[in-house]
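Student: Attaching a single structure in structure tokens format; questions to follow.
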Amino acid sequence: MPEGTTGLRVLTIDCPALNQDCCRLNAVWALKNLIYQAELDVKSAVMDQLSFPRLQALMTDSELSVQEQALAVLRNLASGQASHVEKLVQWATQEQLLAVLKDQLSSETGEVVKQALYTVCNIATGAEVHKAMLMEPSGAAAKIVQHISHSWAEVRLAAVWCIINLTWPQDPGAEARVRALQALGCAEKLVSLVGDTEMNVEDRVQVALSQFRHVTSSSAELRQWLASTNSILDTDLSPTSSEAGEPSPIGPAEQPSSEALGNGADVAQIESGLNPIQFSLSRNLSRNLD
């Protein structure tokens, strides 16, 4: 086994297979941290050991916190350039990936739904084929629109981010996606959030509505409907500075943290009944995976 892969095997295979909730949780949490903003070769090394079926099993774990962190792993796998999204589709297959996302988006747990939505958000930063995948009848579009009116602000925010990334005006398929989203009642739900008590939600809603208006400028019927729904659409809703110009849509990753470890444990040392893993979150680890 190449140098550096023994610890990775413990994280991806040995710990998740143990019948100890805290061990599985800490291993998955460490994997989430490892692949945060990682290069594709690091993600590939992790998935070569972990495999999508094992990750999928962790997303349906009996322990809810393990499910949440496994979804955060999925979210971070999808974060990055379009090549990262394409690789995720290859690891999972399109059919399995969509099935997992729809299942998690149907969860009664807000944190699970949030992580699933941010995974969709990241996939929507990929190529047109990835956006089209999400808009298929078997995709996630209906669930995204449903969660725009979720009771928890963080879920509403994640859902609106998905809409922003799917309707980026520079994308060639943006108008078709806007029409499909509108058929699901998306614009009405967005307008209902104008004046949301959470400032972050309010700001993103305005950007999403601005993009709807921009994308549909050549469609008199839809533009007229948008203009008639609320006077705010008659004002200039230019994107905020972070979206100004022509940058790529934003696909947030789940940031590293060590909250799960508890009891004074260090993120570099996971107690599993095995020898502690000397696990570095720095990019230096990637060189040991070659």
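Values in this text are rule-based calculations from the coordinates and carry no lab data. From a predicted model like this one, the values you see are computed outputs, not experimental measurements. Heads up, the Cβs are rebuilt from the backbone with ideal geometry, glycines too, and the neighbour counts pull from every protein chain shown.
Student: Using Cβ counts within 10 Å as a stand-in for footprinting exposure, how do S107, S138 rank, fewest first?
Tutor: The order, fewest Cβ neighbours first, is S138, S107.
Student: Now, a different point. Sort the following peptides by mean Cβ neighbour count (other Cβ atoms within 10 Å, averaged over residues), highest first: 54-65, 73-84.
Tutor: 73-84, 54-65
Student: Sticking with this one: For a quick check: sort I13, I35 by the number of other beta carbons within 10 angstrom, fewest at the front.
Tutor: If I rank by nearby Cβ atoms, fewest first, I get I13, I35.
Student: Another one. Please state the Cα pair-distance histogram of region 25-97 with 10 angstrom bins from zero: what percent is in each bin?
Tutor: The distribution over region 25-97 is 21, 58, 20, 0, given as percents.
Student: Roughly how many Å is it from the Cα centre of region 136-163 to that of region 36-114, as a whole number?
Tutor: 18 Å
Student: On a full-extension model of 0.36 nm per residue, what is the gain between A82 and A142, subtracting their alpha-carbon distance, rounded to one decimal in nm?
Tutor: 19.3 nm
Student: Using Cβ contacts closer than 10 Å as the measure, can you line up K87, K131, K102 from fewest to most?
Tutor: K102, K87, K131
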